[in-house]
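The values are calculated or read from the model by the stated rules, or taken from the named source; none is laboratory data. These figures come from a predicted structure and were not determined experimentally. Here Cβ is always computed from backbone atoms with ideal geometry, including for glycine, and neighbour counts include all displayed protein chains. The accessibility values were calculated without ligands, DNA or RNA, using every heavy atom of the protein model including side chains. Shrake-Rupley method; radii C 1.70, N 1.55, O 1.52, S 1.80 Å.
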Amino acid sequence: MKAVIFDLDGVICFTDKLHYKAWKTVADEQGIYFDEKINDRLRGVSRMASLDIILEKAGRTYSAIEKEKIAEEKNNIYVSLLDTMSEKDLDVSVKNALDTLRSRGTLLAIGSSSKNTKKILEKLGLKDYFDAVSDGTNITKSKPDPEVFLKAAEMLGVEPSDAIVVEDALSGIDAALAGGFKCIGIGEASTHPQVTYPIKDMTELPDVVLCDMACLSGLSEI
């Protein structure tokens with residue numbers, strides 16, 4: 001693999017609790033039932049699509065203007081919570097995996113639907129760690145559409161066949177496969193029936209990528 005494209009939340013960092021707290025606040029204000037099970041459905045989904053899922057429990061229909069207002073309020077709450085993040089929130093296994101891949105000359109990119117990706121990377125001390133960042137600010141379709149990964153590959157100057165996607169969400173695996181990428185699944189994504197490589201944690205990532213490169217090299221020599 002020439003490149004590895006990472007989802008952000010659930011792979012590089014874990015902001016699920018912050019998202020949940022922000023969505024819970026606005027849902028409570030609207031009198032809409034919201035729990036962690038519903039929150040799990042929002043993983044890898046854009047902000048407006050997430051709001052549509054939450055509004056399934058609403059007792060009335062919301063106008064486009066009302067939706068925009070609620071989504072903006074949620075994001076303001078979430079962004080304020082992000083200010084509590086620091087480099088201490090970056091897991092050692094993630095940092096070691098990134099360092100190992102970089103030392104091999106592998107191109108690294110982020111493929112996330114979050115519009116706060118750059119802020120999160122800066123908080124984690126990873127602002128200049130990735131060769132490309134494709135996020136919610138440059139896409140119009142959320143996963144399982146492959147747009148975010150295809151744009152990341154385009155930014156890196158590689159074909160999907162020369163990149164592998166690392167995801168924790170089932171919709172992310174669907175997006176990777178739809179885009180013609182191989183994929184590594186961690187967490188829930190490791191249970192996807194079509195995931196290329198399931199892993200238990202990030203300590204396994206460098207070896208899996210290296211093994212895939214070795215397999216491709218062997219095939220090219222046949």
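Tally Lys/Arg at +1 and Asp/Glu at -1 over every other residue whose Cβ is under 10 Å from the Cβ of Gly111; what's the total?
Details: positive: Lys143, Lys151; negative: Asp7, Asp135, Glu147, Glu167.
Neighbourhood net charge equals -2.
Pairs to check: Lys74/Lys115; Lys67/Lys151; Lys37/Lys88. Give those whose C-alpha atoms are more than 20 Å from each other in this structure. Can you show the working numbers first?
Values: Lys74/Lys115 13 Å; Lys67/Lys151 27 Å; Lys37/Lys88 28 Å.
Going by Cα-Cα distance, Lys67/Lys151; Lys37/Lys88 fall outside the 20 Å limit.
Search the structure for amide H atoms under 5 Å from the amide H of Val133, placed 1.01 Å from N in the peptide plane, and list their residues when 5 or more places away or on another chain.
Under 5 Å from the amide H of Val133: Ile110.
If you project the alpha carbons of the stretch 35-107 onto the principal axes, what extent comes out on each, in Å, largest first?
Largest first, the stretch 35-107 extends 54, 23, 22 Å along its Cα principal axes.
How are the C-alpha pair distances of the stretch 129-180 spread across 5 Å bins, as whole percents from the shortest bin up?
5, 23, 32, 28, 12, 1
If the chain between Lys69 and Arg102 were fully stretched, how many nm would it gain, using 0.36 nm times the residue separation less the Cα-Cα distance?
Details: separation 33, 0.36 × 33 = 11.88 nm, distance 4.11 nm.
Contour length minus Cα-Cα distance gives 7.8 nm.
Could you size up the charge dipole of the chain around its Cα centre, putting +1 on the beta carbon of Lys and Arg and -1 on that of Asp and Glu, and report it in debye to the nearest 20? Can you show the working numbers first?
Working: 27 positive and 37 negative charges, 83 e Å.
Value, rounded to 20: 400 debye.
Pull up all non-local amide H partners of Val165: gap of 5 or more, or a different chain, and H-to-H distance under 5 Å with H placed in the peptide plane.
Residues meeting the amide H criterion: Ile5, Lys182, Cys183, Ile184.
If you add up the charges near Tyr197, with Lys and Arg at +1 and Asp and Glu at -1, over every other residue whose beta carbon is less than 12 angstrom from its beta carbon, what do you get? Don't jump to the answer; show the numbers that get you there.
On the way: positive: Lys182, Lys200; negative: Glu167, Glu204, Asp207, Asp212.
Its environment carries a net charge of -2.
Measure out, as a whole number of angstrom, how far apart the alpha-carbon centroids of the stretch 76-115 and the stretch 1-59 sit.
Computed from Cα coordinates, the inter-centre distance equals 18 Å.
Under the rule of -39500 (n - 2.57) per DSSP H run of 4 or more residues, summed and divided by the residues of the chain, what mean residue ellipticity at 222 nm is obtained, to the nearest 500 deg cm²/dmol?
Values: 9 runs with 101 residues, N = 222.
That calculation yields -14000 deg cm²/dmol at 222 nm.
Charges on Cβ only, +1 for Lys and Arg, -1 for Asp and Glu, centred on the Cα centroid of the chain; of Leu18, Ser63, Ile53, which one is farthest towards the dipole's positive end?
Of the candidates, Ser63 comes out farthest on the positive side.
Pop out the ³J(HN,Hα) list for the stretch 200-212 in order, Karplus 6.51 cos²θ - 1.76 cosθ + 1.60 with θ = phi - 60°, rounded to Hz; leave Gly and Pro as x.
7, 7, 6, 5, 7, 4, x, 5, 5, 5, 5, 5, 5
How large is the accessible surface of Tyr62 in square angstrom, using a 1.4 angstrom probe and rounding to the nearest 10?
Accessible surface of Tyr62 is approximately 20 Å².
Using only alpha carbon positions, build the gyration tensor of the stretch 49-172, then give the equivalent ellipsoid semi-axes as the square roots of 5 times its eigenvalues, largest first, whole angstrom.
On the way: eigenvalues 180, 73, 29 Å².
Result for the stretch 49-172: semi-axes of 30, 19, 12 Å.
From the phi angles alone, apply the Karplus equation (6.51, -1.76, 1.60; θ = phi - 60°) to the stretch 140-154 and give each ³J(HN,Hα) in whole Hz, x where the residue is Gly or Pro.
Values per residue, Gly and Pro as x: 10, 10, 9, 4, x, 5, x, 3, 5, 7, 5, 5, 5, 5, 4 Hz.
Contact order normalised by length for the chain, with contacts defined as Cα pairs under 8 Å and 6 or more residues apart; what percent is it?
Details: 345 pairs, mean separation 52.3, N = 222.
Result for the chain is 24 percent.
With every protein chain kept in place and ligands, DNA and RNA left out, what is the accessible area per residue of the chain? Probe 1.4 Å, answer in Å². Numbers along the way, then the final one.
Working: 10960 Å² over 222 residues.
On a per-residue basis, the chain sits at 49 Å².
Give me the percent of the accessible area of the stretch 97-201 that comes from carbon and sulfur atoms, probe 1.4 Å, all protein chains in place. Don't skip to the end; give the middle numbers.
Details: 2090 of 4400 Å².
On the stretch 97-201, the fraction of accessible area on carbon and sulfur atoms equals 48 percent.
For the chain, what Kirkwood radius comes out of the mean inverse Cα-Cα distance, in Å? List each step's numbers first, then the result.
Working: mean 1/r = 0.0556 Å⁻¹.
Computed over Cα pairs of the chain, the Kirkwood hydrodynamic radius comes out at 18.0 Å.
To the nearest 10 square angstrom, what accessible area does Asp201 show with a 1.4 Å probe?
Here the residue's solvent-accessible area equals roughly 60 Å².
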